[in-house]
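The values are calculated or read from the model by the stated rules, or taken from the named source; none is laboratory data. Predicted model only: the values in this text are computed from it and were never measured. For neighbour counting, all protein chains shown are included, and Cβ atoms are generated from backbone atoms with ideal geometry for every residue, glycine included.
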C-alpha cells in the first residue's frame with residue numbers, strides 16, 4: 001500500500017482580509033521511503049507526509065506558496081521548523097534484523113547509535129531540535145536509555161533534544177511531529193540546562209465532565225550520552241471556562257524564544273493561548289458540544305475567558321460574528337483533531353473536521369464549534385509568527 005492520505009486544511013485571508021480556506025485535501029507533501037522487499041519488490045507504506053515547513057523564525061503568515069511542498073530536511077530547517085506525520089510499519093517477515101548498537105556517529109545536526117532497521121524500528125538517535133510528538137493511530141514504543149514507554153493514540157511526547165528510539169513492531173503507526181531548531185549550549189552533548197523542577201498534576205486534580213487527562217511524556221539528556229524520562233503524567237496545568245461546562249485547555253509545553261532551549265520544564269511560564277515572541281506553546285483543547293452553552297454566552301463571558309487565558313486582545317467577539325469565541329492571533333497554528341468531530345468557523349466559510357485531520361491556521365480569524373453530541377479534542381501547537 002502507498003502512504004495513507006491525510007486531509008490538510010490551510011487557511012488564509014481574501015482581498016478584504018476575511019478568513020477563508022486556501023487549500024483543502026490530502027496533504028500533497030508525501031515522501032515514501034524506498035525499502036527493498038521480497039523477490040525484488042518494494043515494501044510500501046513507510047515514509048512521511050509534510051504539512052508545513054518554515055525556514056525562518058518567526059515564520060511568515062502570508063504568501064501564496066504551499067510550504068508543505070518545500071524541500072525539507074531532517075531534523076528540520078536550520079532556523080525554522082516543520083510539521084509532518086511519519087508512517088511506520090508493523091514488523092513483517094520482510095523486516096530485516098536490527099543493526100547492532102554502536103558509538104555515536106554525527107550526521108550534521110543528528111547523531112545515531114544504531115539498534116534499528118528502518119522498517120519498523122528507528123535507530124537510537126538524537127537531533128538538534130525540540131519535538132512535539134503526537135500519536136495519531138496505532139501503537140509505538142519509545143525507548144530511552146533509562147526506560148521503555150508504550151504510546152497510544154492521543155499520547156504526547158516532548159522530546160527535548162534527547163536520545164531515543166522508536167519501535168512500531170506491534171501495529172505500525174501514524175505519529176505527528178512538530179520539530180523546531182534548538183540550541184545545544186554544550187556542543188554535541190546537548191544536555192538539559194537549568195534546574196527547573198518538573199511539574200506534576202495535583203493529587204486532587206479534578207477535570208470537567210467528559211474531559212480525559214492528557215498524557216504528557218518529557219524526555220531530556222540529564223548527562224551526556226544518556227536520555228532520561230523527566231515525566232510521564234497527565235498535564236499538570238488545566239484551564240477551564242465557567243461559561244462552557246466541559247471545556248478544558250491542557251497545557252503541554254512552552255518554548256520561550258528562539259532557538260529553543262533544552263530545559264527540564266517550561267509550564268511555569270505564563271503563556272497560554274499566545275506564545276512568546278519567536279516561541280511556541282502546545283495545548284490540548286477539549287470542546288464540549290455547543291448545544292450545552294450556546295445562547296447563554298455573551299460579551300462578558302467571552303472577555304472573561306480570553307482574559308483568563310492571558311490573551312484579552314485575541315478575542316474578535318461581535319454579536320454579528322459567526323461564533324461567540326471568534327479569535328485572531330499573530331500565530332502559525334498547527335492543529336490536529338485527536339477525537340470527535342469539530343467545525344472550523346471562518347469569516348467566509350465553515351469546515352467540518354474529523355479525528356486524524358489537520359489544519360494549518362495562518363493567523364486568521366476563526367473559532368472551533370462542536371455541533372456533535374460528544375466532546376471533541378484538538379491539539380494545537382501555536383508558533384509566534386510575523
The range 143-157: number of residues that are surrounded by fewer than 22 Cβ atoms within 10 Å (Cβ to Cβ), touching a residue at least 60 places away in the same chain (Cβ under 8 Å) and in a strand (DSSP E or B): 1
Selection within the range 158-206 - outside any loop (DSSP other than H, G, I, E, B), at positive phi and modelled with pLDDT of 95 or more: none
Residue 25 vs. criteria modelled with pLDDT of 95 or more and either in a loop (DSSP other than H, G, I, E, B) or at positive phi (or both): yes
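Only one residue in 59, 5 is touching a helix residue (DSSP H, G or I) at 6+ places or on another chain (Cβ under 9 Å) and part of a loop (DSSP other than H, G, I, E, B). Which one?
On the way: 5 fails: touching a helix residue (DSSP H, G or I) at 6+ places or on another chain (Cβ under 9 Å).
The unique qualifying residue is 59.
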Some residue of the range 118-136 being in a loop (DSSP other than H, G, I, E, B), modelled with pLDDT under 95 and farther than 26 Å from residue 263 by Cα: yes
Index of the failed condition, residue 5 passing every other in (1) closer than 16 Å to residue 334 by Cα; (2) surrounded by fewer than 18 Cβ atoms within 10 Å (Cβ to Cβ); (3) under 19 Å from the mean Cα position of the chain (by Cα): (1)
Counted residues, the range 18-75 - those being within 26 Å of residue 88 (Cβ to Cβ) and over 21 Å from the mean Cα position of the chain (by Cα): 14
Complete set of residues in the range 335-355 that are without any contact (Cβ under 8 Å) to a residue 60 or more places away in the chain, on the phi < 0 side of the Ramachandran plot and part of a loop (DSSP other than H, G, I, E, B): 355
Matching residues in the range 176-203 - criterion: being more than 30 Å from residue 356 (Cα to Cα) and either in contact with a helix residue (DSSP H, G or I) (Cβ under 8 Å, 6 or more places away or on another chain) or without any contact (Cβ under 8 Å) to a residue 40 or more places away in the chain (or both): 186, 187, 189, 202, 203
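Conditions (1) free of Cβ contacts under 8 Å to residues at least 12 places away in the same chain; (2) farther than 30 Å from residue 277 by Cα, marked per residue:
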{"position": "89", "(1), (2)": "no, yes"}
{"position": "92", "(1), (2)": "no, yes"}
{"position": "95", "(1), (2)": "no, yes"}
{"position": "103", "(1), (2)": "yes, yes"}
{"position": "106", "(1), (2)": "no, yes"}
{"position": "109", "(1), (2)": "no, no"}
{"position": "113", "(1), (2)": "no, yes"}
{"position": "121", "(1), (2)": "no, yes"}
Search result, residues across the range 318-334 that are assigned to a strand (DSSP E or B) and closer than 22 Å to residue 297 by Cβ: 327
Single residue of 241, 237, 221 found to be farther than 27 Å from residue 141 by Cα and crowded, with 16+ Cβ neighbours inside 10 Å: 241
Selection count where residues are in contact with a strand residue (DSSP E or B) (Cβ under 9 Å, 6 or more places away or on another chain) and assigned to a loop (DSSP other than H, G, I, E, B), scope the range 74-95: 13
Residue 297 out of contact with any helix residue (DSSP H, G or I) (no Cβ under 7 Å at 6 or more places or on another chain), in contact (Cβ under 8 Å) with a residue 24 or more places away in the chain and surrounded by fewer than 20 Cβ atoms within 10 Å (Cβ to Cβ): yes
